[in-house]
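The values are calculated or read from the model by the stated rules, or taken from the named source; none is laboratory data. Keep in mind that this is a model prediction, so the values were computed, not measured. What goes into the accessible areas is simple: the full protein's heavy atoms, side chains included, and nothing from ligands, DNA or RNA. Shrake-Rupley method; radii C 1.70, N 1.55, O 1.52, S 1.80 Å.
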Amino acid sequence: MREIMSIKRVLLDTTELRDFVMQIFVNAGCSQTESELVARLLVESNLTGHDSHGVIRVPRYVAALHEGLMIADQQVELLVDTSSFAVVDGKYGFGQTVALQATNIGIEKCRQSGLSAVALRNAGHIGRVADWAELAAAEGFVSVHFVNGAGSVMVAPFGSYERRFSTAPYCVGVPVPDALPLILDFATSVVAEGKVLVASQGGKQLRADALIGPDGKPGNDPHLLYGEYDETGLRDPRVGKGAIRAFGEHKGSGLAMMCEVLGGALTGNGCTETGRRFTNGMFSFYVDPARVDPDELFPKEVSRYVAFVKQAKPSEHGGHTLVPGEPEAISKKKRLRDGIPLSENTWRAIVETASSVGIEGVPAAKLARD
Ligand code: NAD
């Protein structure tokens, strides 16, 4: 195996990294099709700058597969199926696989009815919710997604230091004519758990008040979430005595609760609580703007408004006013050109996982300049 111990950050070529990750999932027991999908979406997260939902997840996904917590190559089951509504059981399949199936059901119903809703329960980790909003936007549809992670009790509500929410992401996608869609997609916690994971592996540090300790004081030490851990070992967020803080004071905390109630209770996934198995639930609405806007005002108005917002003068010299989805597009362009940076510990953990499923060859990793 190539020596990588002394490297702080490495750069990987996108295609080589994707192929490597794909092979890991094939060797771990997933079909070629599922392995390609999972690898593509994990690498897409890295490309878009969301390392928290990228290949750093490989060791966890493989562990979940081996423990039977996630099941390879599942087909969703339709529990309710009307012309505009579906309840879909992901049956503990890979989130990438079952959320794709659920999203395709929502898109198809929206095509037929102009408006649809899909409640997905019991999905493995669905990754970046933007992936699903982007699919809808590519069809010309607006979508709204409320997501929870049952069993993933990590976030303290406003006014408390005790965990009650998952990082419960919220996402809205809007197609924009002849331009990238507007994609607003974020965890309702100050940071997604994956960002704590990245920080714990030597990646980007958390802002000073991202977490909260059992003493009620804000902090950013990943040990508050994970307790004790070794460099490349799996992090267990159930162990730490602190919590991640809900974002946006009482308003963000309220949105987190609504993601739990819609993504958890309304889907049948269950709101988050200690002792449950991890599953993502997602409640999604899809709207065909062409059906609610026969005068075709919406596309022109969205384009005009995006331009108007982007013309707002930056508050910092040399800065830019961006719209949701733009930072991801900028990151993708840069990383496709320069490669994907990973911390040494993240890369070592992936290489160890590859070795555990019988892969010996490792893609060349260049030393990254900070
Ligand atoms: P974040 O804090 O980086 O916010 C991202 C959003 O803010 C994007 O829509 C982005 O375009 C927008 N944005 C960022 N900077 C901007 C700027 N300068 N101007 C305008 N818009 C800007 O995201 P996060 O909370 O760290 O979440 C990261 C990812 O984690 C998301 O994709 C989310 O879906 C995912 N997530 C998934 C789960 C799960 O259980 N599957 C849980 C939590 C988070």
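Averaged per residue, what accessible surface does the range 76-144 expose to a 1.4 Å probe, in Å²?
Heavy-atom SASA per residue in the range 76-144 reads 31 Å².
Taking K91 as the anchor, which aspartates and glutamates have their alpha carbon closer than 12 Å to its alpha carbon, excluding any fewer than eight residues away along the same chain?
Within reach: D73, E77.
Quick check of the Kirkwood formula: for the chain, what is the inverse mean of 1/r over all pairs of different Cα atoms, in Å? Don't skip to the answer; put the middle values down first.
Details: mean 1/r = 0.0473 Å⁻¹.
This gives a value of 21.2 Å.
Below 16 Å, Cα to Cα, which aspartates and glutamates can K334 reach? Residues fewer than 8 away in the same chain don't count.
The reachable aspartates and glutamates, counting only those whose Cα sits under 16 Å from K334, are D13, E44, D51, E326, D370.
Output the pairs from K204/K310; K109/K300; K217/K333 with a Cα-Cα distance over 31 Å in this structure; if there are none, say none.
K217/K333
Per residue, how much accessible area does the range 167-218 show when a 1.4 Å probe rolls over the protein heavy atoms, in square angstrom? Working shown, then result.
Working: 2240 Å² over 52 residues.
Result: 43 Å² per residue.
In whole Å, how far is the Cα centre of the range 8-27 from that of the range 303-325?
Spelled out, the Cα-based centre of one part sits 35 Å from the other.
With all protein chains present and a 1.4 Å probe, how do M22, M257 order by accessible area, largest first?
The ranking, largest first, comes out as M257, M22.
At a 1.4 Å probe, what is the % contribution of carbon and sulfur to the accessible area of the chain?
Taking all protein chains in place, the chain shows 55 percent carbon and sulfur surface.
Per residue, how many Å² of accessible area does the range 236-370 show with a 1.4 Å probe?
Details: 7940 Å² over 135 residues.
With all protein chains present, the range 236-370 gives 59 Å² per residue.
With θ set to phi - 60°, apply the Karplus curve 6.51 cos²θ - 1.76 cosθ + 1.60 along the range 33-39 and write out the HN-Hα couplings as whole Hz, x wherever there is a Gly or Pro.
Along the range 33-39, the couplings run 4, 5, 4, 5, 5, 4, 4 Hz.
Quick check: from the Cα gyration tensor, does the range 64-199 come out rounded (a/c under 1.5), prolate or oblate?
Oblate shape, in that a/c is at least 1.5 and b/c is the bigger or equal ratio.
Quick check on the range 264-370: take the gyration tensor over C-alpha atoms, sort the square-rooted eigenvalues as a ≥ b ≥ c, and tell me if it's rounded (a/c under 1.5), prolate or oblate.
Oblate, since a/c reaches 1.5 and b/c is not below a/b.
Could you order Y61, Y170, Y92 by accessible surface area, starting with the largest, using a probe radius of 1.4 Å?
Result, largest first: Y92, Y170, Y61.
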